[in-house]
Amino acid sequence: MVVVAGAVLLNFALPRLAPGGPVDYLVPPQAGSVSAEERAELLDRYGLDESVPRQLVTYLGGLTRGDLGVSVRDGRPVRSVIAERLGWSLLLVGGAVVLSALVGTALGFFAAWRRGSGVDLASLVSVLFIDALPAFFVGLLLLLVFSVRLDLFPLYGAVPASEVGGARFLVEVARRLALPLATLTLTGLASVFVVARSALLSELDEDYVFMARAKGLDEKGVRRHAQQNALLPVSTATFLGFSTLVGAATVVETVFSYPGLGTLAFQSVLSRDYPMLQAVFLVLALIAIAANFLNDLVYPRLDPRLRAQ
Amino acid sequence: MTTPAVLLPEPVEPAAGSRVSRPARILGMVGLALLALVVGGALGASVIAEHPPERSVGSPFLSPSGEHWLGTDDIGRDLFAQLLHGARVSVSVGLGAAVLALLVGTVVALLAGYRGGWWDVVLMRLVDLALTLPLLVLVLVLTAFLGRSLPVITLLIAGVLWARPARLLRSQVLKVRELGHVAAAEAMGASSTRVALTHVLPRLVPLMSSQLVRAATVAVVVQAGIAFLGLGDPDRVSWGTMLFFANSSNAVLTEAWKWWVLPPGFALGALVLGLALVSYCVEEWAEPRLARNAGRRGRRRPRPTTEAEPQTEGTTLEVRHLSVRFEGGGRPVEAVRDVDLVVRRGRTMGLAGESGSGKSTLSLALVGLVPDPGRVVEGEVMFGGRDLRRIGRTSVARVRGREVALVPQSAMNALNPARTIHRQVAEAAELTCPAAEARARTGELLERVGIPAGRHHDYPHQFSGGMRQRVLIAMALVNDPRLVIADEPVTGLDVVNQVTIMELLGGLVRELDLDLLIISHELPLLARWVDDLAIMYAGEVIERGPVDQLIGDPRHPYTKLLLSSFPDLYGPRSRLGAVPGEPPDLSRLPAGCSFAPRCPCVGPECTASRPVLVELGAGRAAACFCAGDERVADLFVDPVAVAEGNPP
């Protein structure tokens with residue numbers, strides 16, 4: 001809750017903290033001179049001539065009504081533009097979070113179980129290597145190989161340009177989602193992998209794992225015991241990784257011209273569309289906060305010690 | 001009892017001076033090499049590259065040539081020069097932002113962890129906020145409002161990066177404050193700033209260095225991301241901007257990707273990978289516990305090829321010449337040496353010795369669970385007519401829990417915290433019978449060991465230590481094994497609990513007609529519950545025999561001294577004794593008798609050759625050259641003289 005309030009306040013403060021008056025941002029000085037009257041009118045229109053607390057009240061009031069203002073760029077309500085993009089972003093980021101969690105955990109557990117072996121070292125180094133490549137570069141490479149060379153996937157967009165219906169539409173959407181999703185999954189993979197690996201390694205040193213072996217369980221049974229507990233830090237890493245992936249999505253969406261919130265943020269920065277930018281940031285921040293909250297909900301389900309008595 | 005010191009897995013600790021495992025060292029070296037390459041490029045950029053990076057020096061879209069090693073971009077700038085100069089941006093942003101972020105993070109951590117109270121609450125809320133917000137987007141938005149020159153971007157990145165080191169360092173500060181000497185300094189009234197700087201700060205250095213590398217990694221990636229979006233410093237050429245221009249002029253669609261896209265991408269990759277590898281190495285150095293996990297497992301133990309002598313009639317377990325050695329890094333540690341041990345049918349066997357005498361390792365060796373890097377190097381474990389060492393790993397696993405069960409040393413952690421106790425016991429029962437029957441039997445047995453039915457589906461953390469030990473006993477007995485090995489079954493419990501648990505265990509053993517091997521360092525406890533007793537010292541059995549005779553008339557000086565160190569509640573009052581000296585270092589045992597350095601009746605033969613167990617009749621045996629004569633019986637132990645003559 002405190003964090004949400006902090007995010008909202010930060011969002012309110014951002015344009016006001018910037019050097020120069022807000023009008024400079026609404027109408028860039030480069031765009032030509034602005035007369036005093038026009039200036040006053042603009043200030044009035046955006047309520048910027050009032051005191052800061054009043055502005056805050058107005059801003060918060062707008063938020064509670066779901067009013068995020070009007071886009072400077074094309075005059076559309078910010079809310080409807082965001083609503084349009086949100087679905088695509090959630091599909092992309094959500095999908096990447098799930099996939100990277102599944103693959104990262106499986107790989108991490110696999111490596112930990114074979115600790116010190118060649119397989120362990122090889123997977124560790126290759127995951128670190130993939131992680132070292134910036135997301136947009138991975139995206140470019142995938143684009144190069146699969147779209148340009150092999151012509152397997154479309155180059156950009158999220159929906160086909162021409163009208164298609166039913167199952168065909170879904171297939172087209174999936175084909176366009178594939179590469180950005182793969183890129184983002186690779187981006188999120190490493191952090192989950194590293195956490196999963198070290199979590200299982202430390203669990204394997206625990207007494208209860210020894211006991212599981214001593215009471216006669218086979219290796220599979222022993223592994224299940226350790227993995228169940230190793231999932232705790234993995235779950236935290238996954239949910240916290242949400243925030244990183246939301247950030248990375250900005251760049252990845254741009255590479256693939258994917259119509260999500262990331263490209264929207266990018267375009268808003270370019271076109272100095274501040275109401276839009278503020279709103280996008282708020283929504284992304286709320287998504288990240290929600291992921292954190294979700295983690296707090298899931299954690300007790302995994303760890304009985306945290307369950308209410 | 002003298003100071004119980006070393007627990008067994010200790011020797012696994014890597015030797016001093018090599019806190020980092022070999023694979024980590026190699027990875028670290030590779031990382032350093034990559035970093036050196038990038039930093040070298042950054043420093044030598046103006047010397048190596050002939051062309052300026054930011055001006056057009058040729059026609060656009062040139063392919064690589066002798067003049068332009070990587071060709072030119074869309075407005076004729078030299079790509080090779082850009083690549084080298086780009087390194088400067090990445091290195092300076094990475095270094096600058098990381099140092100700044102760490103500085104802020106450390107100050108915040110010290111304030112929060114040291115001042116506590118409101119400082120802590122407010123600062124940690126701030127950290128939560130900064131950690132939750134998507135970094136890249138935040139920096140992106142901030143650049144939109146605050147400008148995008150390189151110093152500003154560096155500041156902004158530092159401004160969002162400080163939170164993670166702050167959070168981690170704070171918990172480290174709290175941990176360090178608990179340390180003895182730091183708490184003492186505070187108690188003596190040293191000013192808190194002084195304590196923070198002289199005592200706490202130095203202890204943060206390992207974590208700080210690993211966090212510095214991490215922060216640098218993120219800074220480099222974020223800066224590249226922003227530049228790639230075309231939102232970086234327009235006046236500076238960086239790898240991100242190179243990729244931005246490559247992307248916007250559709251280099252991926254032409255041949256140019258080979259020299260325009262790949263080099264800056266892999267350069268970024270090399271820098272980040274270098275940082276990641278170095279941080280992996282630094283983290284292991286900061287937390288040597290991590291190194292323990294590397295590079296073990298997987299070795300097959302050699303199995304004896306000859307046939308074993310048949311097991312002696314009337315014995316449940318017969319151990320012959322068993323030796324276990326730990327070979328980690330330094331000198332090999334002989335944890336168990338040439339041990340003979342017999343558990344007779346219908347008689348409870350006790351195994352006593354100081355901590356570190358090898359008794360626990362011996363018990364693990366019996367069921368094939370010696371932890372790495374230890375290995376059974378010799379001997380036979382005859383059980384059920386076969387040698388458990390000869391039948392192979394998988395077959396031993398099938399014996400465990402079913403025929404030989406173990407009640408382990410640390411009841412507190414031997415249960416999986418995430419599963420109910422019923423499920424954990426039933427899981428063992430299911431090894432030998434169908435699920436429904438296993439559940440029923442589990443319920444019965446749990447009740448039998450004193451856990452009310454209403455609590456069977458509770459989790460381990462909801463039980464006390466004594467209750468957990470009961471669960472472990474139920475777990476051991478659920479498959480009707482023929483032999484139960486209880487390793488310090490009641491250590492760590494209060495005296496009342498010790499008696500009830502031992503009574504429970506003893507009662508069940510009689511009821512189910514099993515044989516029991518109890519391992520403990522508490523002689524009085526063993527004396528009360530076992531029929532036969534063996535005393536271990538420095539990995540060897542030095543005396544064994546029926547318990548009454550052994551306690552009444554010990555033949556080995558060590559046994560005698562050990563006995564005199566326990567008070568006798570019922571017998572005549574006598575002064576308490578102690579075993580002089582310290583437990584031996586198992587990696588540097590003396591040539592002769594291993595007890596000789598501490599023995600009050602040591603003779604010249606004791607340091608020359610090693611005594612072996614000699615049968616003394618009536619099932620007794622002792623490994624001492626003076627076991628037969630009167631010297632041991634007359635041995636008077638004066639604790640005062642012992643303490644003065646042999647300072648611990």
Taking 0.36 nm per residue of sequence separation and subtracting the Cα-Cα distance, how much length would be gained by fully extending the chain between B:Glu522 and B:Met29, in nm to one decimal?
172.5 nm
Using only the alpha-carbon atoms of segment B:437-572, report the extent along each of the three principal axes, biggest first, to the nearest angstrom.
51, 29, 28
Go through segment A:88-97 residue by residue and turn each phi into a ³J(HN,Hα) via Karplus (6.51, -1.76, 1.60, θ = phi - 60°); whole Hz please, and just put x for glycine and proline.
4, 5, 4, 4, 5, 5, x, x, 5, 4
List the residues whose amide H sits under 5 Å from the amide H of B:Leu533, counting only those 5 or more places along or on another chain, with H placed 1.01 Å from N in the peptide plane.
B:Gly350, B:Gly545, B:Val547
Under the Karplus relation 6.51 cos²θ - 1.76 cosθ + 1.60, θ = phi - 60°, what is the ordered set of whole-Hz ³J(HN,Hα) values for segment B:345-350, x standing for Gly and Pro?
4, x, 10, 7, 10, x
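Order of B:Trp259, B:Trp285, B:Trp239 from fewest to most other C-beta atoms within 10 Å?
B:Trp285, B:Trp259, B:Trp239
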For segment B:119-130, Karplus couplings with θ = phi - 60° (6.51, -1.76, 1.60), whole Hz, Gly/Pro x:
3, 4, 4, 5, 4, 6, 4, 4, 4, 4, 4, 5
Normalised contact order of segment B:348-400, rounded percent, pairs of Cα under 8 Å and 6 or more residues apart
27
Rounded to 0.05, the calculated FRET efficiency for the beta carbons of B:Ser171 and A:Val119 at R₀ = 22 Å is 0.10
Whose amide H sits under 5 Å from the amide H of B:Val336, counting only residues 5 or more places off or on another chain, with H placed in the peptide plane?
B:Val324
Candidate lysines - alpha carbon under 21 Å from A:Lys215, same-chain residues fewer than 8 apart omitted
B:Lys359
Give the order of A:Glu219, B:Glu318 when sorted by the count of other beta carbons within 10 angstrom, beginning with the fewest.
A:Glu219, B:Glu318
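Percent relative contact order of segment B:381-445, based on C-alpha pairs within less than 8 angstrom and at least six residues apart? Let's see the in-between values first.
Values: 28 pairs, mean separation 12.9, N = 65.
Relative contact order for segment B:381-445 comes out at 20 percent.
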From fewest to most C-beta neighbours within 10 Å, the residues A:Phe239, B:Phe463 line up as B:Phe463, A:Phe239
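Only the coordinates and a few stated rules stand behind these numbers; no lab work does. Not measured: the values here are computed from a predicted model. Methodologically, a virtual Cβ is constructed for each residue, glycine included, from the backbone with ideal geometry; neighbour enumeration extends over all protein chains shown.
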